[in-house]
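The values are calculated or read from the model by the stated rules, or taken from the named source; none is laboratory data. Since this is a predicted model, take the numbers as computed values, not measurements. Here the Cβ positions follow ideal geometry from the backbone for every residue, glycine too, while neighbour counts run over all protein chains shown.
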Amino acid sequence: MRQTEDHALALQQLYEGFRDPKTLQALAEQITERAQYLSRPLRIMEACGGHTHTVMKYGLKSLLPELIEFIHGPGCPVCIMPKERIDQAIALAQMENTILLTLGDMIRVPGSKTSLAKVSAQGHDVRALYTPMDAIQIAQQHPDKQVVFFAIGFETTTPMTAVVLQQAQQLGLTNLFFHINHVLVPPAVSALLEDDDCRIEALIGPSHVSVIAGAKIYQPLVDSYGLPIVVSGFEPVDVMQSLLMIVEQVLANQPRLQIQYSRAVNWEGNVKAQQLMEQFLQPRATFRWRGLGDIPFSALQLRPEFAQWDAEQVFAHHLSNEALDDHKMCICGDILRGIAQPKDCAVFGRGCDPQRPLGSCMVSSEGACHAYYRYANVPKIPGRSQGAVK
Amino acid sequence: MSQGNISLSHGGGGVETQQLIQTLFYRYFDNDLLKQAEDAAVFETSGALAFTTDSFTVTPLFFKGGDIGKLAVAGTVNDLAMMAAQPLYLSCAFMIEEGLPWKTLERLVQSMAQELKKTGAKVVCGDTKVVPKGAVDQVFINTSGIGQLALPTQTAPTAHGLQAGDVIIVSQDIGRHGAVILAERETLQLQTPIESDCTSVWPAVEALLDAGVPLHALRDATRGGVAAVLNEWAQASAVSIDVQEAQVPISESVQGICELLGFEAYDFANEGTFVLSVPASAASDALAILHQFDFCENAAVIGEVLEFQPGLVILSSAWGAQRVLELPQGELLPRIC
């Protein structure tokens, strides 16, 4: 992917410095040194599943002092999808003459009875997109079929859905429909902070959300809850630097909003993308989050003037809205609030694993339980010191 | 002569079938055993034999660095090579969707013949079925192969043969075939200067055997990639394997595709890259031999076999963090954000 022109940026340049062993080690030492002055454990929520992934995949926990604790937040669009909406996707896929489009892990997630992967194997047409823009092409190629895009994601992916709808409108496509499941980070974090049992003391905000929505979306959380917040990139050096920034804020007792990922995040964000979102989408009165329950104004829906593209309205008679709860043994809600860790769950790794998830956090590769299942509890190799740069 | 498209009659056993056999298969696979035209090929052998089969379906049929024909030969030849068996005889069965251009089939058969030359193996029997449109996707190929073991069976490489103190070597930078196929599928329009690693690796294996390098285990990292090979080995041999991530050769382009889509090169298929477990004392000899072959120019030691938790494969990062390398699960799906 390296470009031939000398001046062009190669993809590798975007990450290689941010995985530098010596830099990571230096940051780890600095955090360890500064954390000595913490009076008690510091519980930091990384709101986004991508950050959970970075922490676990790159083994950052093994580099950090025990006083730094992670609370793995609700920022995985697949994990937070309640079962009834997965069932809606499945019901849409099972309609005659229909192609259902969605993204990534959504295909694998079990609803109440089956999954999109299984109905696909039964002969229904379910496709995972690499980019939402492919929806346009698929709808054009199949004018005789109804094509439903089951749109998921946080603020990051929402503008793309708006662009697809804008194009569908311009092209006069009448066979492309949207089932909107876009959700918002700040209301979910607010809901967690409002909880009396909440133990979140600082927040790492996802950079990609703020590339679109700006860092400004977190200021109310700093103002209302005195929460130190750092908007962070996803490479290991980014996360380590953000942790150091949070520790410094806590030690100085000066909670504020800082941008670590200054490479692409600013205060305002991408104003054009925000306008596009507002043009096509509006807040939903309430949305049920898997593991967290109903949170007002925490998700988006199509504006009424786009009802003819809204799968929830056009195909309403196929869709049930009855709330479906997770297995009663599941403690995902507690894990998301920071009250419990995956290892505290009685069914973790026993009745609940990535192939047969009982709850939201085990569902997608970005979920906390899934990440723990995959990356945690690596037995120590005898005679090998962890955390040492070789 | 212009042949147009393959039709159902080409699989009917009559004149058209004969024409197909004569003008394509006899012409390109040209050998005496095949041309005996009996119901089965008859040949004599001595000693231990290896026998394997594989079916090939790939979209697109032609990709950078290969095609389904080359793949069908290399895949089966490589399965034999991984048992330290010299590939001798192959069968070849085509399942063809009616309407496949004759030219396409001819290109595939030519490609197979060319790949066979790398090892001297021969296609000695075959079959052709033509099925109605939609029953298969263009063409599926099955090949079976017989090879002659170059070592006594008790010293032949085996998945059960890993020993503590072995090192793990990969013969080439990993993940190229999987990345190429992913990039070439219509849904992903990437411009990447990578080619599939698809090739017959027997010449390199033969050179290792000739030099007397002790090969405890050999496996081509096809579907499931290096992750699957290492996990299967760790379980079969009841050992653990510690992989040093920084030593694993991965091309920039393959890594780029992984970064974009959230995949790991360990999970990507390879079609001409194999993994070796050899005693640490033999590592430098093995590498020196592998590096003589252009399809092994990036061969590298990537880890070691430990007498530790049986069945566990660990990835150690350059900064001393560790994680478990798991068997890939389900279909590879790109990450969402």
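Annotations for the structure displayed:
- Considering residues of the stretch A:11-34 that are more than 28 Å from the chain's Cα centre (by Cα) and more than 9 Å from chain B (Cβ to nearest Cβ) only, the residue nearest to residue A:251 (Cα to Cα): A:34
- Elements of type strands (runs of 3 or more DSSP E) contained in the stretch B:235-332, each with 1 or more residues being free of Cβ contacts under 8 Å to residues at least 12 places away in the same chain and touching a Lys or Arg at 6+ places or on another chain (Cβ under 7 Å): B:322-324
- Hits in the stretch A:114-135 - residues which are of a type in the set (Val, Ile, Thr), under 15 Å from residue A:151 (Cβ atoms) and crowded, with 17+ Cβ neighbours inside 10 Å: A:126
- Qualifying residues in the stretch A:121-140 (those that are within 23 Å of residue A:366 (Cα to Cα) and within 11 Å of another protein chain (Cβ to nearest Cβ)) - the one modelled with the lowest pLDDT: A:130
- The stretch B:11-45 - residue that is of a type in the set (Ser, Thr, Tyr) and in a helix (DSSP H, G or I) and, of those, farthest from the chain's Cα centre (by Cα): B:17
- Qualifying residue in the stretch A:364-379 (condition: in contact with a strand residue (DSSP E or B) (Cβ under 8 Å, 6 or more places away or on another chain), touching a residue at least 40 places away in the same chain (Cβ under 8 Å), polar (S, T, N, Q) and surrounded by 13 or more Cβ atoms within 10 Å (Cβ to Cβ)): no
- Qualifying residues in the stretch A:21-64 (those that are surrounded by fewer than 16 Cβ atoms within 10 Å (Cβ to Cβ) and acidic (Asp, Glu)) - the one nearest to residue A:228 (Cα to Cα): A:33
- Residue check, residue A:149 crowded, with 18+ Cβ neighbours inside 10 Å, modelled with pLDDT of 95 or more, within 23 Å of residue A:82 (Cβ to Cβ) and more than 14 Å from chain B (Cβ to nearest Cβ): no
- The set of residues from the stretch B:9-47 being of a type in the set (Phe, Trp, Tyr) and without any contact (Cβ under 8 Å) to a residue 12 or more places away in the chain comprises just one member, B:26.
- Residue tally, condition touching a Pro at 6+ places or on another chain (Cβ under 9 Å) and not in a helix (DSSP H, G or I), over the stretch B:55-84: 5
- Residue within the stretch B:119-126 that is more than 19 Å from residue B:33 (Cα to Cα) and either of a type in the set (A, V, I, L, M) or touching a residue at least 24 places away in the same chain (Cβ under 8 Å) (or both) present: no
- Scanning the stretch B:313-337 for residues that are at pLDDT 85 or above and more than 7 Å from chain A (Cβ to nearest Cβ) yields B:313, B:315, B:316, B:325.
- Within the stretch A:350-378, being among the polar types (S, T, N, Q) and more than 14 Å from every other protein chain (Cβ to nearest Cβ) holds for one residue alone: A:360.
- Lone qualifier among A:244, A:300 - being at pLDDT 95 or above and assigned to a strand (DSSP E or B): A:300
- Boolean, residue B:324 is buried (at least 23 other Cβ atoms within 10 Å of the Cβ), farther than 15 Å from residue B:174 by Cα and either among the β-branched types (Val, Ile, Thr) or assigned by TED's automatic domain parsing to the domain that holds residue B:77 (or both): no
- Those residues of the stretch B:126-158 which are more than 23 Å from residue B:101 (Cα to Cα) and crowded, with 17+ Cβ neighbours inside 10 Å, in sequence order: B:144, B:145, B:146, B:147, B:148, B:149, B:150, B:156, B:157, B:158
- Only a single criterion out of (1) at the interface with chain A (Cβ under 8 Å from one of its Cβ atoms); (2) touching a helix residue (DSSP H, G or I) at 6+ places or on another chain (Cβ under 6 Å); (3) polar (S, T, N, Q); (4) over 29 Å from residue A:383 (Cβ atoms) is not satisfied by residue B:270, namely (1).
- Any hit, the stretch B:62-75, residues being touching a helix residue (DSSP H, G or I) at 6+ places or on another chain (Cβ under 9 Å), at pLDDT 95 or above, of a type in the set (Lys, Arg) and within 20 Å of residue B:180 (Cβ to Cβ): yes
- The stretch B:221-249, subset out of contact with any Gly (no Cβ under 6 Å at 6 or more places or on another chain) and among the β-branched types (Val, Ile, Thr), residue farthest from the other protein chains (Cβ to nearest Cβ): B:222
- Any chance residue A:265 is under 19 Å from the mean Cα position of the chain (by Cα), touching a residue at least 40 places away in the same chain (Cβ under 8 Å) and outside any helix (DSSP H, G or I): yes
- Among the residues of the stretch A:335-342, not a single one is charged (D, E, K, R), on the phi < 0 side of the Ramachandran plot and in a loop (DSSP other than H, G, I, E, B).
- Only one of B:215, B:261 that is away from chain A (no Cβ under 14 Å) and not polar (S, T, N, Q): B:215
- Only listed residue being among the polar types (S, T, N, Q), within 18 Å of residue B:263 (Cα to Cα) and under 16 Å from the mean Cα position of the chain (by Cα), chosen from B:222, B:199: B:222
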